[in-house]
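Colleague: What follows is a structure written as structure tokens; I'll ask about it next.
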Amino acid sequence: MNKIKNISISLLFTLFLNIVLPIGSVKAASKEISDPIITFNNIEYSLTENENNEFILKNLVTGTEDILTFSENKNGINQVTLNESTGEQHVIENEIKTGEVTLDSQDISEIESSIITSEPADFSLSRVGYSWKYIRTQNSNTNVAYRKLSLIVSIILAITPVSPSVGVATAVAQYIIDNNLKTLYTQRKEYYRSDKTNIHKYKVSYYKYSNYTGLIRSTSYTRDIYGNVHG
């Protein structure tokens, strides 16, 4: 009886090694493969972010890396410093309040309108005791007709307010490339919280067409008037 029991335990252990461990290996491989990939000129690039607010754009053929460093200063300006593997450097800035975007101090954007009208809030949070009240909509467009993927990604990071995500940057960049877009149209809607008027919510959407249709991607964030980000 003990012999049969020992054989059973041995068989179970063997099955564990042959089944469970490969599954773990597959999971690890899947995590690596799932890194956001952008295809540009038939070459694949990965985009990742580290703890220093640096975005790493890596050419998966040559292994070379461009470093895109994101920062936001107290004057409400998003800045992306692009250090290319070739040693070339560019600075992209976005003034959040106006929406103006510059590349190496040259204006590459156009502010079309900043409209203050009444509109129903599109964030329904009455169950938690407050609602979002509409303030205004800001429309702008930005030139993205560049032959360097690093510049396209840097511009997207700069115009995506508050610690932009790899997912948003990758999706928008790939859409620009696949559709050969020359101009990216951005719409930002602003709301304030009914119970704490110093807290604002911003919904940012990226569009293909100049009439702000053909939604590519949207994202939102919340912050107070002092610049602190809220969950």
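Colleague: For region 49-68, what are the residues that are surrounded by fewer than 17 Cβ atoms within 10 Å (Cβ to Cβ), modelled with pLDDT of 95 or more and within 15 Å of the chain's Cα centre (by Cα)?
Modeller: Listed by number, the list holds a single entry, I56.
Colleague: Also, quick follow-up: Given the conditions (1) surrounded by 18 or more Cβ atoms within 10 Å (Cβ to Cβ); (2) more than 30 Å from S46 (Cβ to Cβ); (3) modelled with pLDDT under 90, which single one is not true for N139?
Modeller: So the condition that N139 fails would be (3).
Colleague: Where the second residue is crowded, with 22+ Cβ neighbours inside 10 Å and the first is without any contact (Cβ under 8 Å) to a residue 12 or more places away in the chain and lies in region 173-196, which pairs have Cβ atoms under 9 Å and are six or more apart or on separate chains?
Modeller: As it stands, the answer is none, since no pair meets every condition given.
Colleague: Follow-up. Of the residues that make up region 85-94, is at least one at pLDDT 90 or above, surrounded by fewer than 16 Cβ atoms within 10 Å (Cβ to Cβ) and not in a loop (DSSP other than H, G, I, E, B)?
Modeller: Yes, the conditions are met somewhere in region 85-94.
Colleague: Step by step: first the residues of region 101-136, then only those that are of a type in the set (D, E) and at pLDDT below 90, then the one that is farthest from R193 (Cα to Cα). Which residue is that?
Modeller: E110
Colleague: While we're on this one: Inspect all residues belonging to region 189-199 and state whether any of them is of a type in the set (K, R), within 18 Å of N94 (Cα to Cα), surrounded by 12 or more Cβ atoms within 10 Å (Cβ to Cβ) and modelled with pLDDT of 90 or more.
Modeller: Yes: region 189-199 contains one or more residues that are of a type in the set (K, R), within 18 Å of N94 (Cα to Cα), surrounded by 12 or more Cβ atoms within 10 Å (Cβ to Cβ) and modelled with pLDDT of 90 or more.
Colleague: Next up: Among S150, S205, S218, which is the only one that is surrounded by fewer than 16 Cβ atoms within 10 Å (Cβ to Cβ) and either in the same structural domain as T69 (by TED's automatic domain parsing) or touching a His at 6+ places or on another chain (Cβ under 9 Å) (or both)?
Modeller: S218
The values are calculated or read from the model by the stated rules, or taken from the named source; none is laboratory data. Computed from a predicted model, the values in this text were never measured in an experiment. Note that we place each Cβ from the backbone using ideal geometry, even for glycine, and neighbour counts take in every protein chain shown.
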